[in-house]
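A.B. asks: Okay, here's the structure, questions in a sec.
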Amino acid sequence: MKILICISNVPDTTTKIKLTGDNKAVDLANVQWIINPWDELALTRALELKENTANAIDKVTVITVGNAGAEPTIRKALAIGADNAIRVNTDPKDAWLVATQIANAVKSENFDIILCGIESSDYNGSAMGGMLSEMLDLPSVSSVSKIEIEGAKVKVNREIAGGFETVEPSLPFVAIVQKGIAKEPRIPSMRGIMMARQKPLTVLEPVAADALTGFVNYEPPMPKAACKMVDADNVAQLVDLLHHEAKII
Amino acid sequence: MNKILIYTENFDGKFKKSTFEAVCYGVEIARQAGTEAIALSIGDVAESELINLSKYGVARILTCNNPMLSTLDNQAYAAVISQVAKSEGAGIVVFSASNTSKAVAPRVSVKLNAGLVFSVSGLPKSLNPFVVVKKVFHGKAFADVMIKSDVKVISIAQNSFGVRENTTEAVIESISAGFDTSAIKTKVTNVEKSTGKVLLNDAEVVVSGGRGMKSPDNWKPLEELAELLGAATACSRPVSDEGWRPHSEHVGQTGKIVAPNLYFAFGISGAIQHVAGVSSSKFIVAVNTDKEAPIFQAADYGIVGDVQKVLPPLIEAVKKLKSEV
């Protein structure tokens, strides 16, 4: 069995977001780049599945769409434990473009399981995994919080309102994963970092494709009014404020 | 302009407020563009429930009730929605922002060669070119996004538009799935659902606890307050990582994004990732021992104090209020 994990290169989630002077872009100078948190959990889970020898997983591959600047992030995925990596050398302008590039890069690779994070922590698009599965004409299950392999079968838990469903897809398929898929992301070991330098990283040139969406302008969030403080010895006043002033309870 | 198609998601045969919100949004765009809005329901929804869609201004109500579509299969649902979009000549397909739309809308967009914007937070800034606004970086900025394709697919962020009644004489039309349902490639083998609990994504009030709760054994008063207010319970990331509460309760950037009317943060310091998940709440109340905690910058009302000392009198005061009204 072969597993592919799609990786998005995103600013660290603690980044304070600044806009450029003309509000036409997010100022990404001096930003620390990381593996998108959900993609990192997906990679961790794929490695856990591979380490269970009963699962007979030959290869865990990671792919990203990005310029050379994304290389440290995909190298980190190798250091965490992926066997090989692919980078499609283009600017990931929108989900459509990224999905088109990944679909083209992997269409003849016969991956059995493709894992994508449910969104990227930068533009929160929630689109790439679903688009990729449609472009590859594969079944997909989204909001996946658990994935298990039982022989030739794969079982996933899909979150629904108030609980979850167990879903069995036919293979190959795309799982779009969320929190819970793995407990905590793995941190690369020193040995992992050394080994990553030797692992294959294939750079592919993009196919011709256009983005269908584009960011035209940004605005900072509206400033919030100062917090109204209530004395800890007078908690009833809080309820009074919520009832009479905010009219919310 | 081409018609507006709204996918009206149901939950066990019932529509939720988020569905009606998407309907109202689609109806308003249709009004601005001088075209009609059509609702499409998939799955087993009774006529008595379907007709509720006519309260919000749709011109027609289409229903595709095929037993093979009683559980969600992303490929099948996307096939039905995109076929209807094509046969009706829809220019914009509108979803509510739910787990189902995250699963299905991107597939629909590929089938229609349409650009997709998820979680739109207001009416289009312009229809031609088509520009919508959405939050990016989990609310740390807003972005105007242009969709350049002929057909557009969007989903509407919860509680971002509201619901307004506008009754029409819409009739219900049954449609066939129009594809081979035996080709469905996913099977639901088990369903586990808690009943009677207020769901986090639907809740008007959310009562949330963080590390300042000190122990999973201290959640009783928080749950009591939630019950009094008809609220859902939630928690911060360290709490779910420690296993004090289930992952499904984790609110924040990597957990659930919530937008209730009222959010209580008990013993939550307010890390940037947590605030990102709750900043759309109408009012935020924070209780924390540290007066410098960043949560107070996001909050509307705050108390500097120990949650265990603040919760009992708070519960008493809420009980008193409830007995008076």
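A.B. asks: Once the dipole of the protein assembly as shown is set up with Lys and Arg at +1 and Asp and Glu at -1 on Cβ about the Cα centre, which of B:ASN10, B:LEU314, B:PRO246 lies farthest towards its positive end?
C.D. replies: B:PRO246
A.B. asks: Suppose we look only past 22 Å in the calculated P(r) of chain A. What percent of the Cα-Cα pairs does that tail hold?
C.D. replies: Result for the distance tail: 59 percent.
A.B. asks: Students often get this wrong, so check it: of B:LYS3/B:LYS86; B:LYS148/B:LYS256; B:LYS86/B:LYS185; B:LYS17/B:LYS319; A:LYS16/B:LYS102, which have C-alpha atoms separated by over 20 Å?
C.D. replies: Over 20 Å Cα-Cα: B:LYS148/B:LYS256; B:LYS86/B:LYS185; B:LYS17/B:LYS319; A:LYS16/B:LYS102.
A.B. asks: What accessible surface, in Å², does a 1.4 Å probe find on A:ILE181, ignoring ligands, DNA and RNA and rounding to the nearest 10?
C.D. replies: Around 10 Å² of this residue is reachable by solvent.
A.B. asks: Per the Debye formula with a single identical scatterer at each Cα and no solvent contribution, what log10 I(q)/I(0) holds for the stretch B:205-324 at q = 0.19, 0.20, 0.23 Å⁻¹?
C.D. replies: One equal scatterer on each Cα of the stretch B:205-324 leads to -0.96, -1.07, -1.45.
A.B. asks: Here are some pairs, A:LYS59/B:LYS193; A:LYS224/B:LYS309; A:LYS107/B:LYS187; which of them have Cα atoms lying more than 26 Å apart in this structure?
C.D. replies: A:LYS59/B:LYS193; A:LYS224/B:LYS309
A.B. asks: Using only Cα atoms, find the angle between the long axis of helix B:17-33 and the longest principal axis of chain B, and express it within 0 to 90 degrees, rounded to the nearest 10.
C.D. replies: 50 degrees
A.B. asks: Further question on the same structure: Quick one: accessible surface of B:ILE61, probe radius 1.4 Å, all protein chains present, in square angstrom to the nearest 10.
C.D. replies: Near enough 0 Å² of accessible area.
A.B. asks: Please report the antiparallel percentage of the DSSP beta bridges confined to chain A, to the nearest 5.
C.D. replies: If we restrict to bridges inside chain A, about 35 percent are antiparallel.
A.B. asks: A drop of at least 40 square angstrom in accessible area, chain alone versus all protein chains together, probe 1.4 Å. Which residues of the stretch B:83-114 meet that?
C.D. replies: Flagged in the stretch B:83-114: B:ASN99, B:LYS102, B:PRO106, B:ARG107, B:VAL110.
A.B. asks: Ok, one more. Considering only the other residues whose Cβ falls under 13 Å of the Cβ of A:VAL230, what net charge follows from Lys and Arg at +1 and Asp and Glu at -1?
C.D. replies: Spelling it out: positives minus negatives among the neighbours equals -3.
A.B. asks: Could you state the angle between the C-alpha long axis of helix B:74-88 and the longest principal axis of the C-alpha atoms of chain B, as a value from 0 to 90 degrees rounded to the nearest 10?
C.D. replies: So the helix axis and the longest Cα principal axis differ by about 50 degrees.
A.B. asks: Considering only the other residues whose Cβ falls under 9 Å of the Cβ of B:SER269, what net charge follows from Lys and Arg at +1 and Asp and Glu at -1?
C.D. replies: 0
A.B. asks: Could you compute how much accessible area chains A and B hide from each other, both sides summed, with a 1.4 Å probe? Nearest 100 Å² is fine.
C.D. replies: Rounded to the nearest hundred, the buried surface is 7000 Å².
A.B. asks: Nothing charged except the Cβ atoms of Lys and Arg (+1) and of Asp and Glu (-1): what's the magnitude of the dipole of the stretch A:14-144 about its Cα centre? Round to the nearest 20 debye.
C.D. replies: Value, rounded to 20: 300 debye.
A.B. asks: Grab the other residues whose beta carbon is less than 14 angstrom from that of B:GLY34, score K and R as +1, D and E as -1, and report the net.
C.D. replies: 0
A.B. asks: Quick check: convex hull of the Cα atoms in the stretch B:1-138, volume per residue, rounded to a whole Å³?
C.D. replies: 107 Å³
A.B. asks: A further question on this structure: Pop out the carbon and sulfur fraction of the accessible area of chain B as a percent, whole number, probe 1.4 Å.
C.D. replies: Its accessible area is 49 percent carbon and sulfur atoms.
A.B. asks: If B:GLU204, A:GLU184, A:GLU48, B:GLU9 are ordered by their accessible area, calculated over protein heavy atoms with a 1.4 Å probe, which sequence runs from highest to lowest?
C.D. replies: So, going from the largest accessible area down, we get A:GLU184, B:GLU204, A:GLU48, B:GLU9.
A.B. asks: Write down the radius of gyration of chain B and its Dmax, each obtained from C-alpha positions, in Å.
C.D. replies: When restricted to the Cα atoms of chain B, Rg and Dmax are 21.5, 62 Å.
A.B. asks: So who's got an amide H within less than 5 Å of the one on A:LEU204, skipping anything under 5 residues away but keeping other chains? H placed 1.01 Å off N, in plane.
C.D. replies: For A:LEU204, whose amide H was placed from the backbone, the distant partners under 5 Å are A:ARG87, A:VAL88, A:ASN89.
A.B. asks: Could you give the dipole magnitude of the stretch B:3-183 about its Cα centre, charging the beta-carbon of Lys and Arg +1 and that of Asp and Glu -1, in debye to the nearest 20?
C.D. replies: I would put it at about 800 debye.
A.B. asks: Tell me the per residue accessible area of the stretch B:3-183 using a 1.4 Å probe; a whole number in Å² is fine.
C.D. replies: So the stretch B:3-183 comes to 35 Å² accessible per residue, rounded to a whole number.
A.B. asks: The protein assembly as shown: D in µm²/s via Stokes-Einstein (Kirkwood Rh, Cα pairs, 4 °C, 1.567 mPa s)?
C.D. replies: 53 µm²/s
A.B. asks: Here is a follow-up. Could you state how much accessible area A:ILE86 has, in square angstrom rounded to the nearest 10, with a 1.4 Å probe and all protein chains kept in place?
C.D. replies: Looks like 10 Å² after rounding.
A.B. asks: Then there is this: Treating only the Cβ atoms of Lys and Arg (+1) and Asp and Glu (-1) as charged, compute the dipole magnitude of chain B about its Cα centre; round to the nearest 20 debye.
C.D. replies: For this selection, approximately 660 debye.
The values are calculated or read from the model by the stated rules, or taken from the named source; none is laboratory data. Every value quoted in this text rests on a predicted model; they were computed, and no experiment measured them. For neighbour counting, all protein chains shown are included, and Cβ atoms are generated from backbone atoms with ideal geometry for every residue, glycine included. Note: accessible area is taken over every heavy atom of the protein model, side chains too, but ligands, DNA and RNA are not part of it. Shrake-Rupley method; radii C 1.70, N 1.55, O 1.52, S 1.80 Å.
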